[in-house]
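What follows is one structure encoded as structure tokens, with my remarks underneath.
The values are calculated or read from the model by the stated rules, or taken from the named source; none is laboratory data. Because the structure is a prediction, the values reported are computed rather than measured. Here Cβ is always computed from backbone atoms with ideal geometry, including for glycine, and neighbour counts include all displayed protein chains. Surface accessibility is based on the protein's heavy atoms, side chains included, excluding ligands, DNA and RNA. Shrake-Rupley method; radii C 1.70, N 1.55, O 1.52, S 1.80 Å.
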Amino acid sequence: MPSHPHIPGCARLNVGRLNAFRLGYYEPLSFVVIGGVDRGRNVRIEGAHVEHVLNDAPDTAAVRVHGFVPVAGQPFALYHGDKSSDLQLFGGRILQTTVLYESRRQNVAYDLQAIDPTWLFNRRRVLAAYTNLSATAIVLDLVSRFTPGVTTAAVVRGLPIIDAITFTNEVPATCLTAICERIGGYWYLDYRGDLHVFLQESPDAHTITDADPRGASDLQLSEDLSQVVTRVIARGGGGQAAIDVAPGATELPIDEDAWFSDAGGVAEAAAQRVTYAGVRGRGGQGGLIGVGLSPTSAPTVTLTSNTGLGGAGLVGGTYGYAVSFANATGETLPGPVKSIGVGGGAPTLFKTTMRPGYYQDFNGKTTGGNYSWRIALYYRNGGWALGPPTDYSIVNDRRYEIYVGNSVQDPTSGYYYFSGLMTGTPALIDGIDVYRTIDGGAIWYRENFWNGVVTVAGGWLDVSNQMTDADLLYEDSADGGIFRYPTGPTAVVHATVVTGLQTLPAAFTTRKLYRTTVGGSQLKLLATNPAESITDTATDASLGANAPTSDTSGVVATGTQVVPAGSATLPVTDTTAFTVDGGASGGWASVGNLVVRYGGISGAALTGLPAAGAGALTADVRHGAVVLVQPRLVGVSGLNYPIVAGDSVTIRLELDDAAAQAALGARLGGTAADGIVEEVFSDSRMTLAELANYATALLLDRKDPRLTLRFVTRDTTVRVGRLVTVNIASPPIAGTFRVQRITFDEIAISGGLARTEPRRTVEASNKLFTFADLLRRLRGREGGAN
């Protein structure tokens, strides 16, 4: 059935026969449905008006009715042309009713004020937090949890990601506005209860020109300078002064450095505008008050053969070894380094001598003849060191001795070397053999041997002389010649043995052994909790992490437990961070709530602390307290008044539009300086980058005079949010404007069968973008700002 009585020349599908009428043409009649009932006959429609406003303000409607009793809260819908959603002029709920009478008390009427669905949309409060989600996902979750009855078909999918956003007992409309501000978007709730969230604006309205005015009349253009801004001063996050600072100071210690730029900038310090060149003391690095409990002795390192160990062993050259201690908290610095040269063969043995007949023992088996002796040492991991033969000598039937020199024992490792046979350091010698020729012979056979190293007095080794020449030859032949002096392999000393590791103190659980690469200085991890004796043949490439450069163990050496107030020196477990930060020229450090200034670094201490005043150590500090580099602004200029600890220090950004300043200055009959109009905004949550975006957007939004276009039209393409372009000669108006507000009246002014569209009183502005839209463009989400 048609929605109203048919008028000749008009048709809707399924109502009139095709080709007999104009398809899709209809009369622009108005209908009002209240509480689901068509109340068109009861509405003073000629007095009705509807107002549409851009952005968050709700649409409203006002009508007068009679002949029934309306109830606040009932659904209210106004259509123009047909009862279809695309022709709906307003939809929502009756928010307010006023009963009255017209002229006579019998003429009862009701004035109704209605509001769009946003009123019901805000019935519940949102308590929610979101992290790293698309704005689409956030909106869909909000609707499903807090706005029953609302659909989301028109929420654009794939909207930009929001890092984090929190809502605390806020209405959904406020939440949606905050979301759209983050992404530079727009939202509204249509009359059917479907939520629209999007980035792109609506299509443009028809252009108004002299040749085609589109029914527009009463055009007016207002220009307003009152809101012009040509310089933006933006104040963002910051912290507080960490200490009293005198006028003229060039460094300003602060408690929070993250807001400030390494490249310098402008800051506000206790109502003073100051500039700074950069920031020092970032990172919170430091150490502990006192001396760290690092190892105090180097390990013992000795050479040994790697002949029997396999592989090439250590490359010839110099290596350094050191030890550190570690616990669950961290690790100490390495202790002293022990260096040792590695490479080559076993030490060359000296030519020795023998001493016959020293003992009064007449049971010797060798008498007369010419004999020669030589000594061989064999090493723990394989290989020999063979000495040259002695001169030939005649012996008697007594025992005799051969000279090996003093046996020097290392007190830590227990290893020996023989001063009469060799030079070098102690090595792992597992045996010593003495070889002898037969009378006049040139082959040496083993006569005596000792396992390990024997200790002898005066350097002479006792040989028992209990084998005849026949005995030597027999043993050698019976055992396949194994008793002849060794001809190989000669021991290759490309390994070390590390012992003498310092005892682990009670405050630590782990001991780490570090070694340099060949010829290097950087210590790298060789072993964690090594055995008391470790043989090292590790290649440089197999070494682990670098040794620590700072003490993170949290353990300080016992001794003086307090650094008294007024001290000029502050001992620290690790000066690395302070060397990097201030070095020889000094800097600032913090110990708890004390901020001190030091003039330099000497050894394991910060030096040159003042005895009193700013930067002095004003209280005793215990050993073990944490001491950190102090963040501060450097290259400061403009401090004309004292700063007191706790005064605010914030980032400040000043943004000018020179062209806008010059244009306004010219209007005012002066220079560009006369065109400077400042606007200040503050947000302590903003970083410099976000502050720059907001300041730029504000300047773009406000730098030009505000133009407001007003006109009357019945053009249905003119809608809130759309752009309308005007180019007419009289009055002279040219430009593109965003429709901000529309008031509808003269709805069916000619009666129920009127064929005119409602009159639209339009207000539009040269503000083409919302502030959020400008931000989106500045952030690169949609082109660049114009």
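Within the stretch 32-45, work out how many residues are over 15 Å from Gly81 (Cα atoms) and not in a strand (DSSP E or B).
6
Please find, within the stretch 123-144, the residue that is farthest from the chain's Cα centre (by Cα) out of those that are open to solvent by less than 90 Å² (accessible area, probe 1.4 Å) and more than 16 Å from Val197 (Cβ to Cβ).
Residue satisfying both the conditions and the ranking: Ala128.
For the list (1) open to solvent by 50 Å² or more (accessible area, probe 1.4 Å); (2) in a strand (DSSP E or B), I need the number of the one condition that Leu633 fails.
(1)
For the stretch 258-297, give me each residue that is under 25 Å from Val572 (Cβ atoms) and either part of a strand (DSSP E or B) or aromatic (Phe, Trp, Tyr) (or both).
Gly278, Val279, Arg280, Gly286, Gly287, Leu288, Ile289, Gly292
Would you mention how many residues in the stretch 538-549 are modelled with pLDDT of 90 or more, open to solvent by 40 Å² or more (accessible area, probe 1.4 Å) and of a type outside the set (A, V, I, L, M)?
So the count comes out to 4.
Pairs only if they're at least six apart or on different chains, beta carbon under 9 angstrom, first in the stretch 616-636 and more than 8 Å from Ala565 (Cα to Cα), second of a type in the set (Ser, Thr, Tyr) and open to solvent by 30 Å² or more (accessible area, probe 1.4 Å); list them, first residue then second.
Between residues of the stretch 616-636 that are more than 8 Å from Ala565 (Cα to Cα) and residues that are of a type in the set (Ser, Thr, Tyr) and open to solvent by 30 Å² or more (accessible area, probe 1.4 Å), the close pairs are His623/Thr558; His623/Thr560; Val634/Thr250; Gly635/Thr250; Gly635/Thr275; Val636/Thr250; Val636/Thr275.
Residue check: is Leu668 at negative phi and either in contact (Cβ under 8 Å) with a residue 60 or more places away in the chain or open to solvent by less than 40 Å² (accessible area, probe 1.4 Å) (or both)?
In short, no.
Going by the structure shown, is Thr713 at pLDDT 85 or above, among the polar types (S, T, N, Q) and open to solvent by 10 Å² or more (accessible area, probe 1.4 Å)?
Judged against the criteria, Thr713 is not a match.
Quickly run through the stretch 47-65 and pick out the residues that are farther than 19 Å from Gly193 by Cβ, surrounded by 21 or more Cβ atoms within 10 Å (Cβ to Cβ) and touching a residue at least 60 places away in the same chain (Cβ under 8 Å).
Passing the criteria: Ala48, Leu54.
Return the pairs, sorted by first residue and then second, in which the second residue is open to solvent by less than 60 Å² (accessible area, probe 1.4 Å), the first residue lies in the stretch 461-489 and is farther than 17 Å from Phe449 by Cβ, the beta carbons are less than 7 Å apart, and the residues are 6+ apart or on different chains.
What qualifies is Thr468/Thr366; Asp469/Ile438; Leu473/Ile438; Pro489/Thr307; Pro489/Gly383.
Working only within the stretch 155-206, note down all residues that are modelled with pLDDT of 85 or more, open to solvent by 40 Å² or more (accessible area, probe 1.4 Å) and polar (S, T, N, Q).
Thr166, Thr168, Asn169, Thr174
Which residues, counting only those in the stretch 208-230, are under 51 Å from the mean Cα position of the chain (by Cα) and open to solvent by 60 Å² or more (accessible area, probe 1.4 Å)?
Passing the criteria: Glu223, Asp224, Leu225, Ser226, Gln227.
Here are Thr552, Thr579: which of them is open to solvent by 50 Å² or more (accessible area, probe 1.4 Å) and either in contact with a helix residue (DSSP H, G or I) (Cβ under 9 Å, 6 or more places away or on another chain) or outside any loop (DSSP other than H, G, I, E, B) (or both)?
Thr579
Within the stretch 145-154, track down each residue that is out of contact with any Asp or Glu (no Cβ under 9 Å at 6 or more places or on another chain) and open to solvent by 50 Å² or more (accessible area, probe 1.4 Å).
Answer for the stretch 145-154, where residues must be out of contact with any Asp or Glu (no Cβ under 9 Å at 6 or more places or on another chain) and open to solvent by 50 Å² or more (accessible area, probe 1.4 Å): Arg145, Pro148, Gly149.
In the stretch 206-216, how many are more than 25 Å from Pro705 (Cβ to Cβ) and in contact with a strand residue (DSSP E or B) (Cβ under 7 Å, 6 or more places away or on another chain)?
Adding up the residues that qualify gives 2.
Given the conditions (1) surrounded by 21 or more Cβ atoms within 10 Å (Cβ to Cβ); (2) under 30 Å from Gly613 (Cα atoms), report the number of the one that Ser567 does not fulfil.
Only one criterion is unmet by Ser567, namely (1).
Could you give me the residue pairs with C-beta distances under 6 Å whose first residue belongs to the stretch 229-256 and is closer than 30 Å to Ala673 by Cα, whose second residue is of a type in the set (Gly, Ala, Ser) and surrounded by fewer than 18 Cβ atoms within 10 Å (Cβ to Cβ) wherever it lies, and which are 6+ apart or on separate chains?
Matching pairs, first to second residue: Arg235/Ser682; Gly237/Ser684.
Search the stretch 94-119 for residues being of a type in the set (D, E, K, R) and crowded, with 16+ Cβ neighbours inside 10 Å, and hand back the single one that is modelled with the highest pLDDT.
Asp111
Would you confirm whether or not the stretch 730-750 contains a residue that is among the basic types (Lys, Arg), within 23 Å of Val232 (Cβ to Cβ) and touching a Lys or Arg at 6+ places or on another chain (Cβ under 9 Å)?
yes
Check Arg722, Arg706, Arg702, Arg738 and return the single one that is touching a strand residue (DSSP E or B) at 6+ places or on another chain (Cβ under 9 Å) and open to solvent by 50 Å² or more (accessible area, probe 1.4 Å).
Arg706
What's the number of the only condition in (1) assigned to a loop (DSSP other than H, G, I, E, B); (2) surrounded by fewer than 17 Cβ atoms within 10 Å (Cβ to Cβ) that Leu525 fails to meet?
Checking Leu525 against (1) assigned to a loop (DSSP other than H, G, I, E, B); (2) surrounded by fewer than 17 Cβ atoms within 10 Å (Cβ to Cβ), the one that fails is (1).
Quick one: how many residues across the stretch 213-257 are of a type outside the set (Ser, Thr, Tyr) and not in a loop (DSSP other than H, G, I, E, B)?
Residues in the stretch 213-257 being of a type outside the set (Ser, Thr, Tyr) and not in a loop (DSSP other than H, G, I, E, B): 22 in total.
Can you name every residue in the stretch 482-494 that is at pLDDT 85 or above and either touching a Ser or Thr at 6+ places or on another chain (Cβ under 6 Å) or of a type in the set (A, V, I, L, M) (or both)?
Answer for the stretch 482-494, where residues must be at pLDDT 85 or above and either touching a Ser or Thr at 6+ places or on another chain (Cβ under 6 Å) or of a type in the set (A, V, I, L, M) (or both): just Ile482.
Looking only at residues that are at pLDDT 90 or above and more than 19 Å from Gln240 (Cβ to Cβ) in the stretch 276-299, which one is surrounded by the most Cβ atoms within 10 Å (Cβ to Cβ)?
Per the criteria, the residue is Pro299.
Looking at Phe31, Phe68, can you tell me which residue is open to solvent by less than 50 Å² (accessible area, probe 1.4 Å) and modelled with pLDDT of 90 or more?
Phe68
Kindly establish whether Gly357 is over 18 Å from Ala491 (Cβ atoms), of a type outside the set (A, V, I, L, M, F, W, C) and either touching an Asp or Glu at 6+ places or on another chain (Cβ under 6 Å) or modelled with pLDDT of 85 or more (or both).
It is false that Gly357 is over 18 Å from Ala491 (Cβ atoms), of a type outside the set (A, V, I, L, M, F, W, C) and either touching an Asp or Glu at 6+ places or on another chain (Cβ under 6 Å) or modelled with pLDDT of 85 or more (or both).
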